[in-house]
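**Student:** There's a structure below that I have some questions on.
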Amino acid sequence: LENNTVAFVGLFMLANVVGGVIGATVFISVADAVVYNEARFGDRNEGLMFAGVSFGMKLGVAIGAAATAYALSWAGYDPHVTTDSAIRMIRWLFYYVAAGMSVLQILCIVMLRYERSAEGVVSVPIR
């Protein structure tokens, strides 16, 4: 796939569109959680829930960037010299780590339980 530029760019763009849709569903899920929390406990904590999601995203980006930097450093990455070990690590991070994270996200979504109520379907955390 790396040798076919058109196919690679097309697949990359499709993956980013799907990733964008998944990213947007995080905020939709938080809004559902706010509604569920209000229905169940009589309390609307939008600020607290969105702040928690925002913090989690920032922490995830920081950990992901640090892990990527450590992996490239471990592979001997030098921006001025192209080495085989650095190229292998970049490929590994770009393909396998990204695919593994996607599978982990899908598993988390599949394991989510739902509770039906008169207002509709409301998500419930796993207990």
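The values are calculated or read from the model by the stated rules, or taken from the named source; none is laboratory data. Computed from a prediction, not measured in an experiment: that's the story for all the values here. Here Cβ is always computed from backbone atoms with ideal geometry, including for glycine, and neighbour counts include all displayed protein chains. In case anyone asks, the SASA skips ligands and DNA or RNA and just uses the protein heavy atoms, side chains included. Shrake-Rupley method; radii C 1.70, N 1.55, O 1.52, S 1.80 Å.
**Student:** Determine if the range 47-64 includes at least one residue that is within 21 Å of the chain's Cα centre (by Cα), modelled with pLDDT of 85 or more and of a type in the set (Lys, Arg). Spell out the reasoning first.
**Tutor:** From the range 47-64, those within 21 Å of the chain's Cα centre (by Cα) are 48-64; that's our starting set.
Of the ones still in play, those that are also modelled with pLDDT of 85 or more are 48-64.
Retained after the next criterion (residues that are of a type in the set (Lys, Arg)): 58.
For the range 47-64, residues within 21 Å of the chain's Cα centre (by Cα), modelled with pLDDT of 85 or more and of a type in the set (Lys, Arg): present.
**Student:** Exactly one condition in (1) exposed (fewer than 10 other Cβ atoms within 10 Å of the Cβ); (2) within 20 Å of Gly100 (Cβ to Cβ) is not met by Ala65; state its number.
**Tutor:** Just one mismatch for Ala65, condition (1).
**Student:** So how many residues does the range 74-98 have that are in a helix (DSSP H, G or I) and within 30 Å of Val18 (Cβ to Cβ)?
**Tutor:** At the first step, the residues of the range 74-98 found to be in a helix (DSSP H, G or I) are 74, 84-98.
Pick out the ones that are also within 30 Å of Val18 (Cβ to Cβ) and you get 74, 86-98.
Of the residues in that region, 14 qualify.
Residues are listed down the side, and each one gets a yes or a no for (1) hydroxyl-bearing (Ser, Thr, Tyr); (2) at pLDDT 85 or above:
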{"position": "Ser29", "(1), (2)": "yes, no"}
{"position": "Leu72", "(1), (2)": "no, yes"}
{"position": "Tyr95", "(1), (2)": "yes, yes"}
{"position": "Ile109", "(1), (2)": "no, no"}
{"position": "Tyr114", "(1), (2)": "yes, no"}
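**Student:** Give the range 1-37 a look and list any residue that's assigned to a helix (DSSP H, G or I) and open to solvent by 80 Å² or more (accessible area, probe 1.4 Å), or say none. Steps first, answer last, please.
**Tutor:** Of the residues in the range 1-37, the ones assigned to a helix (DSSP H, G or I) are 5-37.
If the condition is that a residue be assigned to a helix (DSSP H, G or I) and open to solvent by 80 Å² or more (accessible area, probe 1.4 Å), then Thr5, Val6, Leu11, Phe12, Met13, Leu14, Asn16, Val17, Val21, Phe27, Ile28 are the ones that fit.
**Student:** If a residue must be within 21 Å of the chain's Cα centre (by Cα) and at pLDDT 90 or above, how many such residues does the range 1-16 contain?
**Tutor:** 4
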